[in-house]
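Engineer: Got a structure for you, questions after.
The values are calculated or read from the model by the stated rules, or taken from the named source; none is laboratory data. Values in this document were obtained by computation on a predicted structure and should not be read as measured data. In this analysis, Cβ positions are derived from the backbone assuming ideal geometry, glycine residues included, and neighbour counts consider all displayed protein chains. Side chains are part of the model used for accessible areas, which takes the heavy atoms of the whole protein and leaves out ligands, DNA and RNA. Shrake-Rupley method; radii C 1.70, N 1.55, O 1.52, S 1.80 Å.
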Amino acid sequence: ARTSGPPRNVSARVAPLGSRLVLALVEDRTRERRIEAVRRDFVANVSHELKTPVGAIKLLAEAVQDAADDPEAVHRFSNRMLTESDRLTHLVQQVIELSRLQGDEPLESPERVRLDAVMAVAVDTSAMDAGAKDIRVVVEGQPGITVLGNEEQVTAAVANLVANAVHYSDPGSKVLVSAKVIEGFVEISVVDQGIGIPKHEIDRIFERFYRVDPARHRSTGGTGLGLSIVKHVAATHGGDVRVWSEEGQGSTFTLTLPHHATDDEEPPALPLTG
Ligand code: ADP
């Protein structure tokens with residue numbers, strides 16, 4: 001750790017006002033260029049990702065036409081068309097969500113957001129997937145915990161974490177969603193007993209469109225945008241998101257957001273659902 005010694009950006013600190021202004025302008029330009037590069041990259045990635053489901057739907061539509069006198073084949077192809085259009089809708093929704101968040105600007109007028117409601121909605125959005133895999137999603141936390149933020153964004157972030165926990169877990173396992181207050185912040189944790197994440201991939205999973213070895217979960221049809229949305233929501237709220245994971249054992253994602261103390265808060269450790 002650095003203990004003493006000169007500040008890292010010495011020239012910026014000792015520069016007279018005129019050169020400081022120039023330095024600020026140069027930094028501004030560099031920042032603008034970087035944002036522009038990220039934006040260009042994002043548009044290129046989105047276009048690429050959109051091509052896959054659109055291409056599949058076109059091919060399937062042609063297959064339906066060719067198979068007009070085979071009702072069983074028509075049924076099969078049109079079902080796959082529905083799956084692909086759901087995937088397309090999900091992708092477009094996530095792209096819209098992400099493009100709203102990408103500036104990481106702090107929220108202009110944060111509201112009081114009750115986490116018990118947020119967690120209930122987040123769990124509800126994965127209820128069908130969890131039910132289909134016989135995964136039990138348990139919510140725990142003291143009722144009434146409130147954060148300062150944007151309810152839609154916080155719900156989207158928690159919903160993405162729960163959806164991942166369910167996606168990347170085996171049938172019959174358990175997912176725990178909990179919230180607790182620690183020193184002015186609220187930690188929302190989503191713990192699963194799923195496939196886990198290889199150590200060397202952990203640093204990359206929050207990048208846009210990054211998916212750990214798509215072959216290992218081809219059937220789950222993710223977009224690689226979920227965690228990047230979670231990361232940006234954390235940033236706009238002045239919080240952060242961390243992960244612990246062990247391959248084959250499971251993962252814990254913890255989203256930390258600023259706490260807003262209210263009288264609604266009840267004593268800790270009351271299970272909301274079982
Ligand atoms: P995706 O749409 O692929 O789920 P995300 O951005 O949400 O995209 O996640 C990025 C990658 O991180 C996923 O492709 C998956 O490999 C890995 N991942 C995310 N959450 C989990 C989890 N709970 N367990 C195991 N792997 C996960």
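Engineer: Check whether at least one residue in region 138-146 is modelled with pLDDT of 95 or more and assigned to a helix (DSSP H, G or I), and report yes or no.
Structural biologist: So far as region 138-146 goes, no, none of its residues is modelled with pLDDT of 95 or more and assigned to a helix (DSSP H, G or I).
Engineer: Considering 179, 156, which residue is buried (at least 19 other Cβ atoms within 10 Å of the Cβ), farther than 17 Å from residue 229 by Cα and more than 9 Å from the ligand (Cβ to nearest atom)? Outline the logic, then answer.
Structural biologist: Details: 156 fails: farther than 17 Å from residue 229 by Cα.
Going through 179, 156 in turn, the sole match is 179.
Engineer: Looking at the structure I just gave you, is residue 86 surrounded by fewer than 20 Cβ atoms within 10 Å (Cβ to Cβ), in contact with a Pro (Cβ under 7 Å, 6 or more places away or on another chain), without any contact (Cβ under 8 Å) to a residue 40 or more places away in the chain and not basic (Lys, Arg)?
Structural biologist: Answer is no for this residue.
Engineer: Does any residue in region 44-59 that is farther than 17 Å from residue 90 by Cβ come within less than 6 Å, Cβ to Cβ, of a residue that is open to solvent by 80 Å² or more (accessible area, probe 1.4 Å) and modelled with pLDDT of 90 or more six or more places away or on a different chain, and which pairs are these?
Structural biologist: none
Engineer: If residue 239 satisfies every condition in (1) over 29 Å from residue 56 (Cα atoms); (2) open to solvent by 30 Å² or more (accessible area, probe 1.4 Å) but one, which is the exception?
Structural biologist: (2)
Engineer: Would you be able to say whether some residue in region 114-133 is more than 21 Å from the chain's Cα centre (by Cα) and in contact (Cβ under 8 Å) with a residue 24 or more places away in the chain?
Structural biologist: yes
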